[in-house]
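**Student:** Pasting a structure below so you can have a look.
The values are calculated or read from the model by the stated rules, or taken from the named source; none is laboratory data. Since we're looking at a predicted model, the values are computed, not measured. Cβ placement follows ideal geometry from the backbone for every residue including glycine, while neighbour counts extend to all protein chains displayed. For accessibility, only protein heavy atoms count, side chains too; no ligands or nucleic acids. Shrake-Rupley method; radii C 1.70, N 1.55, O 1.52, S 1.80 Å.
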Amino acid sequence: MARFGGRQAANTGAFFIIAAIIGPEDLGAASIAVAIAVLLRGLVTRGLRDYVIQSKTLTTEITSTAFWTNTLLGLVLAGGVVALSSLAGVLFGATSIISYVQVTAGVVLIGAISSIQEALIERDFRHRILTAAQLVASVLAATSAVILAIAGAGGWAVVALSFIEALGMFFVVLVLGRWRPAMILNVAQAREQITFAMPIMLSATISGGYMRIAQLIVGAMVGVNAAAQFRVGSQVNQFLTQAVVSPINQMLLPTFARSKAGADQKFVKALSVYAAVVCPVFLGAAAIAPIAIYEVMGAEWRDAAVISSILCLGIFSSLIGPVLYPLLIVEGSAGLAARLSIKGALFSLVTTSIGAMFGIYFAAVGFVARGAFSIPASAFLARRVIGVPLRATVGAIAPFALPALLMSAVVWGGVVALDAAPAWVRLCAGVPVGVLIYALSVRFIVPIAAPGAYGALVEGTPPILRRFLRARPKGAQI
């Protein structure tokens, strides 16, 4: 949690500062180049890395073959990016993208070289090394990038944010990992590794990078400025996902694996706790993020402010899946979970493309429209595979989603009503009021309206919060 949360906090803070300094045009061109690099990096940071981590036994031949295979793949991808950089300039209508793309290709190669080293560290449960490396690299990159932006480097500050982070991570891991590959490349072993790795690479790239792909779609169809607005607007959603959603998701798989309860009980209980935490965070952000972006960064980021609200409201399309997927893996249906995730991402990209035909706001709406596929598909699988009826799924979400919607509406109304007041006054008033509304609703209304969901929340929260929630209400059994 510290590793990804610290990285996201440093990157988000630096990104907003840089965006406010350099403006949409420079940010849009550079962020498109970074998006291309980040997508391709997924092909070298997953797959072969997973093969090394899950291998029952490791030999020098296996690890060295994985390293050189991954490095060669990184060279091919980076070389391809450089060779096709002119095409990116034509596709996105900005010649400045060409040089940005050529430099960010190095991010792909650096990721390929350090990936197997990181896998060995992770396999040995030396997570503190990776946490330290990520934090050092992120802080160094964020500081350097902001300095470059202030110095007038323009879009190169955005490129530096990704490039310096990748380079810093590489050097720290190289020093602390203390592993060096042998000059061994077994072709038969490489073929076996690639066969294992390919589905993971593709799944991670599509399902994990569809926000970046959506940005590229917006850039190609609407323009570089629109890509910048979409990127800034999506940063709020991305930060909340990494800071709140990802830590919960990381805990679900081992929790499900250890629990002796039935699959249906585990799903309903986890979904209740997940909805209780995620709904107020994202719906609250939907109300206050626009004013924060608009007032702090300036009127030129008006579109980004609106997009941030649209994307945060789209949390409803991602409520069931993140709880269902790890449970399907535990129940032996990992392939089904992966296929559902990929199909949902592809559906989102299609609807984003359709929306982009009508402008940037419609592109954002199209992106969150994946709920038209993911919600019914996830609910159907929960009923068919786990045996949870739709009524129980809705009953786990609604008791927390409705108070969160009320909170968001009240906060938004208050922010609008206090339009004449400074932004910091509206934010300082809106946040505590929203928290109070949600907390009181959950404490005094949910136990009466949905005792089962409330009981699941009480059991799933840390002891310090149980003092506020108190004892489980009568009848709160799942």
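**Student:** Restricting things to Cα coordinates, could you compute the convex hull volume per residue of the stretch 115-187 in Å³? Intermediate values should be presented prior to the final figure.
**Tutor:** Working: hull volume 7.5 nm³, N = 73.
Once divided by residue count, the hull of the stretch 115-187 is 103 Å³.
**Student:** Based on Cβ point charges of +1 for Lys and Arg and -1 for Asp and Glu, what charge dipole magnitude is obtained for the stretch 109-229 about its Cα centre, in debye rounded to the nearest 20?
**Tutor:** On the way: 7 positive and 5 negative charges, 34 e Å.
Using Cβ point charges on Lys, Arg, Asp and Glu, the stretch 109-229 gives about 160 debye.
**Student:** Arranged from highest to lowest average of other beta-carbon atoms within 10 Å per residue, in what order do the peptides 27-39, 430-442 appear?
**Tutor:** On the way: 27-39: 27.4, 430-442: 17.2.
Those peptides, ordered most packed to least, come out 27-39, 430-442.
**Student:** Hey, if you put +1 on the Cβ of every Lys and Arg and -1 on every Asp and Glu Cβ in the chain, which of Ser246, Gly413, Gly335 ends up farthest toward the positive end of that dipole?
**Tutor:** So the residue furthest toward the plus end is Gly335.
**Student:** Could you give the dipole magnitude of the stretch 24-114 about its Cα centre, charging the beta-carbon of Lys and Arg +1 and that of Asp and Glu -1, in debye to the nearest 20?
**Tutor:** On the way: 4 positive and 4 negative charges, 57 e Å.
Taking the Cα centre of the stretch 24-114 as origin, the dipole is about 280 debye.
**Student:** Moving on. Per residue, how much accessible area does the stretch 4-135 have with a 1.4 Å probe, in Å²?
**Tutor:** Numbers: 5010 Å² over 132 residues.
Per residue, the stretch 4-135 has an accessible area of 38 Å².
**Student:** Now for a separate question. Using the C-alpha atoms of the stretch 3-158, what convex hull volume per residue, in cubic angstrom, is computed? List each step's numbers first, then the result.
**Tutor:** On the way: hull volume 15.2 nm³, N = 156.
Given the Cα convex hull of the stretch 3-158, per-residue volume reads 97 Å³.
**Student:** Still on this structure, I have one more. Per-residue counts of other Cβ atoms within 10 Å, averaged by peptide: what ranking do you get for 196-203, 67-74, highest first? Each step should come with its number before you reach the end.
**Tutor:** On the way: 196-203: 17.1, 67-74: 22.5.
Result, highest mean first: 67-74, 196-203.
**Student:** Follow-up question, since we're still on this one. Highest mean first, how do 278-284, 298-304, 312-318 rank when packing is the count of other Cβ atoms within 10 Å averaged over residues? Please list the in-between numbers first.
**Tutor:** On the way: 278-284: 23.7, 298-304: 18.0, 312-318: 21.1.
The packing order, highest mean first, is 278-284, 312-318, 298-304.
**Student:** Projected onto the charge dipole of the chain (+1 at Lys/Arg Cβ, -1 at Asp/Glu Cβ, origin at the Cα centre), which of Leu91, Phe362, Gly434 gives the Cα projection farthest towards the positive end?
**Tutor:** Toward the positive end, the furthest listed residue is Gly434.
**Student:** Hey, any idea what Rg/Rh is for the stretch 144-229, computing Rh the Kirkwood way over Cα pairs? Before the final figure, lay out the partial values.
**Tutor:** Values: Rg = 18.9 Å, Rh = 16.9 Å.
We get a ratio of 1.12 for the stretch 144-229.
**Student:** Taking the Cα centre of the chain as the origin, how large is its charge dipole in debye, to the nearest 20, when only Lys and Arg (+1) and Asp and Glu (-1) carry charge on their Cβ atoms? Don't jump to the answer; show the numbers that get you there.
**Tutor:** Working: 32 positive and 16 negative charges, 339 e Å.
With Lys and Arg at +1 and Asp and Glu at -1, about 1620 debye.
**Student:** Which log10 I(q)/I(0) values, to two decimals, does the stretch 210-323 give at q = 0.10, 0.11, 0.19 Å⁻¹ under the Debye formula with one point per Cα?
**Tutor:** The computed values of log10 I(q)/I(0) come out as -0.37, -0.44, -0.96.
**Student:** With the contact rule set at Cα under 8 Å and sequence spacing of 6 or more, what percent relative contact order holds for the chain? Working shown, then result.
**Tutor:** Values: 739 pairs, mean separation 81.4, N = 478.
Here the relative contact order equals 17 percent.
**Student:** Right, here's the next one. What is the sum of charges around Arg49, taking Lys and Arg as +1, Asp and Glu as -1, for the other residues whose C-beta is under 10 Å from the C-beta of Arg49?
**Tutor:** Details: positive: Arg46, Arg123; negative: Asp50, Glu118, Glu122.
After counting each charged neighbour, the total is -1.
**Student:** Mind checking the per residue accessible area of the stretch 326-430 for me, 1.4 Å probe, whole number of Å²?
**Tutor:** About 48 Å² of surface per residue is accessible.
**Student:** When you take every Cα atom in the chain, what is the radius of gyration, and what is Dmax, the widest Cα pair distance, in Å?
**Tutor:** 22.9, 70
**Student:** Counting just the Cα atoms, what span does the stretch 14-77 cover along each of its three principal axes? Round to the nearest Å and put the largest first.
**Tutor:** 51, 22, 13
**Student:** Keeping the other protein chains in place, figure out the carbon and sulfur percent of the accessible area of the chain, with a 1.4 Å probe.
**Tutor:** Values: 14460 of 20750 Å².
For the chain, the apolar C and S fraction of the accessible surface comes to 70 percent.
**Student:** Only helices at least 20 Å long along their own axis, judged from Cα atoms, and with Kyte-Doolittle mean hydropathy of 0.0 or greater: name those in the chain from DSSP H. Don't jump to the answer; show the numbers that get you there.
**Tutor:** Numbers: long enough: 2-22 (29 Å, 0.92); 24-45 (30 Å, 1.38); 60-83 (34 Å, 1.13); 96-123 (41 Å, 1.15); 127-150 (34 Å, 1.65); 156-177 (30 Å, 2.29); 187-208 (29 Å, 0.70); 224-240 (25 Å, 0.25); 263-297 (47 Å, 1.35); 334-356 (33 Å, 1.17); 390-417 (38 Å, 1.67); 423-444 (31 Å, 1.51).
The qualifying helices are 2-22, 24-45, 60-83, 96-123, 127-150, 156-177, 187-208, 224-240, 263-297, 334-356, 390-417, 423-444.
**Student:** Specify which residue in the list Phe282, Leu271, Ser234 is farthest towards the positive end of the charge dipole of the stretch 205-332, using unit charges on the beta carbon of Lys, Arg (+1) and Asp, Glu (-1), about the Cα centre.
**Tutor:** Checking the options against the dipole of the stretch 205-332, the answer is Leu271.
**Student:** So, one more: Could you pull the Rg and Dmax for the stretch 279-318, using just the Cα atoms, both in Å?
**Tutor:** Expressed in Å, the Cα Rg and Dmax of the stretch 279-318 come to 10.2, 30.
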